[in-house]
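Read-outs throughout are calculated quantities, based only on the coordinates presented, and are distinct from any laboratory measurement. On a predicted model such as this, the values are computed, not experimentally measured, just so you know. In this analysis, Cβ positions are derived from the backbone assuming ideal geometry, glycine residues included, and neighbour counts consider all displayed protein chains.
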Amino acid sequence: MMVFEDYIFLIECKGIEYSAYIATENSMKSDNSSKKISTGFDQLCSTAQMIKEGIFNQLIGDQQHKKIISAVITYKQLYLANSEWYYVNNIEPNMKSEQIDFKKCFQFKPQILSVHELELLLKYSQEKSENYFEIFNNRLENANYFLMGDWYRYLEIENTTIPFLKEAFLSFTDEALSKLKG
């Protein structure tokens, strides 16, 4: 949970990727990953409801009237994961919470982002000087998913190298090579 001045960003992490090489409708429905994402949605909804009920007031102060955005973070990118089709066919049938009205819990339906897309979101926010709520709003408000594409596409930046990851990789390879050379 990240609490900002005028909004809250809830994040639920799930270390998942599809086990099938070809993401067909049947493989998505039967894959345990879809069930784990549904569990993540349930957890986000539960947390948002507790915030609205004031349960966390002692921990984070009175946040009941703040807007809430949320995301389930996955290990790998799941294509079409934020489409209405994916939600209706793969997420909703596996959710334990019945008839959740996302509009009561969140400003937007929870999003599914890969770790890489989350890193791009952080970089995009820094480079564009936009907060996460503004980015979600620009991406999701009155937008047609199929015209906008996945988050990866939306956050695509001319230089997609993420500096701290590049530095870590170069440092690791330099150290590994020096150990190999003796």
- Taking the Cα centre of the stretch 34-131 as origin, work out the dipole magnitude from +1 charges on Lys and Arg Cβ and -1 charges on Asp and Glu Cβ, in debye rounded to 20. 40 debye
- Note on the structure: Candidate cut points under trypsin sites (Lys or Arg not before Pro) in the stretch 59-122, DSSP loop plus at most 15 other Cβ atoms within 10 Å of their own Cβ, are 76, 96
- Task: Once you have the Cα-Cα distance between residue 122 and residue 104, take 0.36 nm times their residue separation minus that, and quote the gain in nm to one decimal.
- Result: 3.8 nm
- For the stretch 59-151, please report how many Lys pairs fall under 21 Å Cα to Cα, leaving out neighbours fewer than 8 apart on the same chain. 10
- Between residue 92 and residue 134, the FRET efficiency computed from the C-beta separation at R0 = 25 Å comes out, to the nearest 0.05, as 0.35
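Suppose a student asked you for the relative contact order of the stretch 2-156, using Cα pairs under 8 Å spaced at least 6 residues apart; what percent would you report?
Reported as a whole number, the value is 27 percent.
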